[in-house]
Each structure stands twice: as structure tokens, then as C-alpha cells.
Amino acid sequence: MDSKLKKLKPQEIHLVSKTDSEEFNLLSWALNRSSVIGLDAEWKPSHTKQSSFPTVSLLQIACRVNDNLVEYTDSQNDLWVFLVDLLNIHLSSIWELLRDMFISPDILKLGFRFKQDLIYLSSTFCSNGCNLVFDKVEPYLDITTIYYHLQQKQPGRKLSKDTKSLASICEEVLGVSLSKELQCSDWSHRPLTEDQKTYAAADAQCLLEIFTVFQGKVLKEGYSSRDVTELQPANALHGLKDILVKPDVCDNVLRLKFCQASDIVRSTIVSEIHPINFSVVAPVSRVSFVNTVPFGVSLSNTVRKYGERILLKESDRKPKTSKKKGKRPSSVGLGYKEKRVENCSDWQGPPPWDLSLGGDGCPKFLCDVMVEGLAKHLRCVGIDAAIPYSRKPEARQLIDQADKEKRVLLTRDAKLLRHEYLIRNQIYRVKSLLKNDQLTEVIETFKLKISEDQLMSRCTKCNGRFIQKPLSTEEAIEAAKGFQIIPDCLFNRNLEFWQCTDCNQLYWEGTQYHNAVQKFIDVCKLNY
């Protein structure tokens, strides 16, 4: 080993092993005040082929806390290192905090080929009974990618991404020795040794240190304090190579567009030269990730438009098996899979609104585009039925919306059942084809109680509620100006008008209303 190599500056290490602790509060505090963090994970190594993913024992999080918000302790250090003990802490109690961290748009995540870590983390939480897993990290930057595209490439020479380890990058960029002797130690044994803690902390800390050097390189290429206020990319120097040159340079990361390394760090320089005054708030016990100090203008735009993300696919959730020539799958096997999918569509319960699960007892559904007509029918009988935020949502977006709003996802798409384990008891495959039959099926399956008073009590347009006091004809005409026409034939009739509190749509008890009420009385068999 080169005697000139130094070691990373030691940092205080905070071991987080339970949520009702000072260390957990400190982690929440640090995440709320960090714009850049480094991530790594450890697990017990195995030298034989496994039928399942290894259990992650430790998650390392290094936080670069904004300097002007370090009020939690008397320490002037802005770098905080946390070791989250996933073997001792209740995973369900920390899942939401970690999920929010992974997807927070206010925190840039740094990692070294972190996709494998995320796959193992997701499997660990899923196998321990958590309702949801981790499937995305965004915004994200891989140290390997940054390193290779910040190098001055020699003409005619192509650098191989497989030749540099994290230790090699640390040695070249930081001039430090990153020992990997404990990489294959038993990370499932407790308590961890002090050497293990130091090793684990260094792996996350060095990511922030490397990123800091990259920021310095941008300054060295020719930026001065008078240049950094010019945020237009056209003024950027081109001494640094583009970070995201090709979409296929790293299979672990999905790249959206292209950007230059100089643009990524300029906003950080701006924020240092033009600091913003912020009011300091007390430490919080649960992180909200509405970041106190958002990204600077350039960094925010770059991450939003050109940043990287790790997105797990369905195929990533199963261990890879060797591809050997053999018999083609039998029809018996295919039949079993089809039968399994059909069985998964049967409702098991209880629904997320159940009082035993902390719900409010009010049924709530999310109807995907294949059963959007069912949503309007459910609204007509007074049931809360939402539709997706976008016209063509991804499966993950549907799952996130259903979980966030505590709804049962209704669909006719058998493919969505593959995601069922992600939202246990929050998905149901509707078997009927016609809307009236679908409504009856949902009412019977979920044992919904429908009364005549509930009919037409929701806005069929947006699912909103109506105002408590009806409007007169004159008030309705005034309220409808600019977006809805009240028929002239209604002016001389003594009618009451009801307005949606969300979309302002106006309704009245005319012929269509009475026909609709009678229709749903028959469909719901309220006269029997």
C-alpha cells in the first residue's frame, strides 16, 4: 500500500437501532436539512447460489447538512454519518422515512452501483411483512458515472467502466486508502465491532467527499465568483465531459436526458456565495422531506430534467437463475399460473378503511382506466370512487395513489395482479363486463351498505361533495356564469340547485335526476 495515502477524516457515527431514540430523531433532522446524501448497504456474504436475495443487515446514510442550519448540537461539522441497524429496528416503523428519502425531489442521492443494494433492501422489507417495497430512487447520481465522465479522455482511448472499484476511485480522487478487508465479514452478527462500524461509515462518507472534489474541479476549470451568477448553460465551460453521454453506459440506471457536470454543481456555488436566511425550526421526530433549503436554480432544473433514477422492474425482484437448455414449459405449468392469477383476484380483506386497521370505515376505491365507467356508477350510489391522476398511469403510479389515499384499486387488468403483493388487500380484479353488473359485484364483494339517501349524493364528474345549503335559481345562475349554462325552462320552476365544492358543477332535481335515482334503486335492489 502506498505510504502517501491517507485515511478519511473520522466522523462521529450514529447507530440507529430503534425509532424511539435520539439517534433516530437526529437522522430525521439531518435528512430534513440535507440536499445531498450518500447511500450504501451491507449484508452477510454467501458463497453459494441462493434461491432468495440476502437480507440487508445495515443501511449507511451520510448526510451533508446545510451549514446555516446546524443548530441541533454544538458541533460545527456539516457531515453526519448514520448506520441504520435493519436487524434490530422494526422495519415497518422506518419504511416510510426511507421511502420518502429515496423519492424526495429535494435530496440528491449518491451511490456506487446502488441498484443491487436497492433490490436487496426491497426484498428485505417485503419478506418482513411490509405492505410496500422500494422500487425507485430519484434523483440519483452514481459515483462511477460521475467519475468516468469527469475524466479528460485521451483521444482514441475508451475507458472501461468495469475497471474502477470504489476503493480505486477514492485512491485516485481523494488520495485516501479505503480498506475493503471487512467487506466479507459477517454483517448479521451483533453487536457490530468498532472496525465494522468504521468501515461501513467510510463507504457512505467517501461518496460525499468525492462529490465535493468534483464540485471543486468545476471551479478549477475556470469558474470564478463573478461567473457563477450566469446560470445559462451556453456560458458553461466545456473542459469537463458530459456526465450523461450515452443512455446505455450503465445498466443499473435509467437516464432521461443529457447534461453537463458543470451545470449540476453551479447552483451549489451560487448558494454558497449568496446565502439565504432561513428561520430555524425545532427538531422533528418524523421527516416530511419538504426540504428547508431546496436545490439551487441550476441544480434543481438539471436534476428535474436530466437527472438519473433507479427504477426496479418486475424481473429485478427475483434472483437470476442460470439459463440451461431443457424442456419447454408444460401446459400443466401454464395452467397452474393462470389458476394462481385467478385465485389472486378473489378478495381477501380487510380493506384499508376498516376500523381495525385504523381506517375511518368509509369505503374508498380507485378505478383504473379499464373500469372508469364503474367509478361514475359508484359515485351515483354515494361511494367515494377516484380515478388515476394521469390518463395513462404506470402500474407503480396506481399503486402509490391507492396506498397514499387508502383505497382499494379496482381493475380488469390481470397484469396488475403481479403487483398485488406490493399492496396487500388493496387490489381487486372486477370480473363482470357491464357497468351495472360491475357495480353489483363490487357492492356484494365488499358488503357495501347502500341506502336511497346516498343516491346522487356525489359529483359524478369529479367525485366531490355538494355544498350543504342548496342554491336558489338566481344564485345558481350567478354561480354558473362562465362555465355552465342553466336551461331557460328552469327559471320559472321552484327548484333547488346543488353545487360541487370541488369542481363547482351545478346539479338540480330534474327528469334526469329522478330517472337516475330510479335506475340505481333497481340496480341496488333497494325495493326488495
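Rounded to the nearest 20 debye, the dipole magnitude of the range 450-527 is 260 debye, with +1 charges on Lys and Arg beta carbons, -1 on Asp and Glu beta carbons, and the Cα centre as origin.
Given R0 = 30 Å, the distance between the Cβ atoms of E394 and K320 translates into a calculated FRET efficiency of 0.80. If you model the range 450-527 as an ellipsoid using its alpha carbon gyration tensor, with each semi-axis the square root of five times an eigenvalue, the axes come out at 24, 15, 10 Å, biggest first. Legend: calculated FRET efficiency, E372 to N128, from the Cβ-Cβ distance at R0 = 51 Å, rounded to 0.05, equals 0.90.
So if we plug the beta-carbon distance of S92 and K431 into 1/(1 + (r/R0)^6) with R0 = 35 Å, what FRET efficiency do we get, rounded to 0.05? E between S92 and K431, to the nearest 0.05, is 0.60.
Taking 0.36 nm per residue of separation and subtracting the current Cα-Cα distance, fully stretching the chain between K519 and K180 would add 114.9 nm. Which links in K406/K481; K7/K136; K18/K318; K320/K431; K364/K469 stretch past 28 Å when you go from one Cα to the other? As for pairs spanning more than 28 Å Cα to Cα, those are K406/K481; K7/K136; K18/K318; K320/K431. Projected label points at A414 and C462, each 7 Å from Cα along the beta carbon direction, are separated by 3.9 nanometres.
Annotation: extensible slack from S51 through S168 equals 38.9 nm (criterion: 0.36 nm per residue apart, minus Cα-Cα distance). Between amide H atoms placed 1.01 Å from N, distances below 5 Å from S57 occur with E42, W43, K44, all of them 5 or more places distant or on a separate chain.
Backbone phi angles across the range 15-31, fed through the Karplus curve with coefficients 6.51, -1.76 and 1.60 (θ = phi - 60°), yield HN-Hα couplings of 8, 9, 10, 7, 7, 8, 9, 5, 5, 5, 4, 5, 4, 4, 4, 5, 5 Hz in residue order; Gly and Pro are listed as x.
Put simply, the amide H of V408, placed in the peptide plane, has neighbours under 5 Å in K364, F365, L366, leaving out anything fewer than 5 places away on its chain. Using only side-chain charges placed at the Cβ, +1 for Lys and Arg and -1 for Asp and Glu, the dipole size of the range 345-440 relative to its Cα centre rounds to 280 debye.
Taken together, the values in this text are just the output of simple stated rules run on the coordinates, not laboratory data. None of the values given here were measured: they were computed from a predicted structure. All Cβ positions, glycine included, derive from the backbone under ideal geometry; neighbour counts span all protein chains shown.
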